[in-house]
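Report on one structure; see the data block that follows.
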Amino acid sequence: MSEKGKKEPAPEKKIVVCISGMAGTGKSTLAKKIAKKYKLNYYSGGDALKALAAEEGYDSDSIGWWESPEGLGFLSKRVQNLKFDKLVDNKLLEFAKEGNVLLDSWAMPWLIDYGVKIWLAASIDKRAERIAKRDKIDKLKALRVLKEKEAGTKNIYKKLYGFNLGEDFKPFHLILDTEKLDAKEVFDILCMVMEHLILTKKI
């Protein structure tokens, strides 16, 4: 079986949750809160990539770094050399096998054939609005940077695994539109999903 078609078998009787979504959907903040509430180990593909960026000499600790010129520069480097994303994904696969984890990742829903996979959705306009507020920048600038970042990110995953990030939703059990919801409302919905569906193993 080709690398693009290969999926990992399930760890026995252990919870594995993947939360995905494009920038500005609130996935990382919400994933951390869900992991803490339900005592799951939290692992972030974005945080792991930032650690690799730091090893390459980037100052990747600041809020909104991915949308900064330096963050976009590292994105270009990743597009040219897929080793960074491959290293991160291999490490997340190891964590997934351990179970009792919440993975904040774009790739994992396509790479494992088990667990519960949730996609948080919102329009690019709404996401740019949220990022502009978070980073204290002009919304038009946030929109421009977001488009540039997402084009590069989609290119990486298309090259590595053959899927169309943000367009292909086949692996997901739940797609939650966060467009008109605030962070607390999304958190409350995800808690209901955890308690009534995931922890009871209905999905």
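Throughout, read-outs are computed from the coordinates displayed, never taken from laboratory work. Since we're looking at a predicted model, the values are computed, not measured. Using ideal geometry, Cβ is built from the backbone for each residue, glycine included, and neighbour counts are taken over all protein chains shown.
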Open item on the list: For a quick check: sort Leu40, Leu111, Leu82, Leu160 by the number of other beta carbons within 10 angstrom, fewest at the front.
Closed with: Leu82, Leu160, Leu40, Leu111
Task: Above-threshold pairs, the threshold being 27 Å between Cα atoms, out of Lys32/Lys147; Lys33/Lys117; Lys91/Lys136; Lys36/Lys147 - done: Lys91/Lys136; Lys36/Lys147
Open item on the list: Need the full-extension length gain, Leu82 to Glu55, defined as separation in residues times 0.36 nm minus the C-alpha distance. One decimal, nm.
Closed with: 8.1 nm
Open item on the list: Please enumerate, by chain and number, the lysines with C-alpha under 16 Å from the C-alpha of Lys86, excluding those fewer than 8 residues away in the same chain.
Closed with: Lys4, Lys6, Lys7, Lys50, Lys77, Lys154, Lys158, Lys159
Task: Relative packing of 17-29, 177-189, which averages over residues the other C-beta atoms within 10 Å, highest first - done: 17-29, 177-189
Open item on the list: Restricting to Cα pairs below 8 Å that are 6+ residues apart, what does the relative contact order work out to for the chain? Please round to a whole percent.
Closed with: 33
- [ ] Scan around Val116 for amide H atoms under 5 Å from its own, H built in the peptide plane at 1.01 Å from N, and keep only partners 5 or more places away or cross-chain.
- [x] Val16, Val17, Cys18
Open item on the list: For region 81-140, take N as its residue count and report Rg(C-alpha) divided by 2.2 N^0.38 Å.
Closed with: 1.49
Task: Environment charge at Asn41 (Cβ cut-off 15 Å; Lys +1, Arg +1, Asp -1, Glu -1) - done: +4
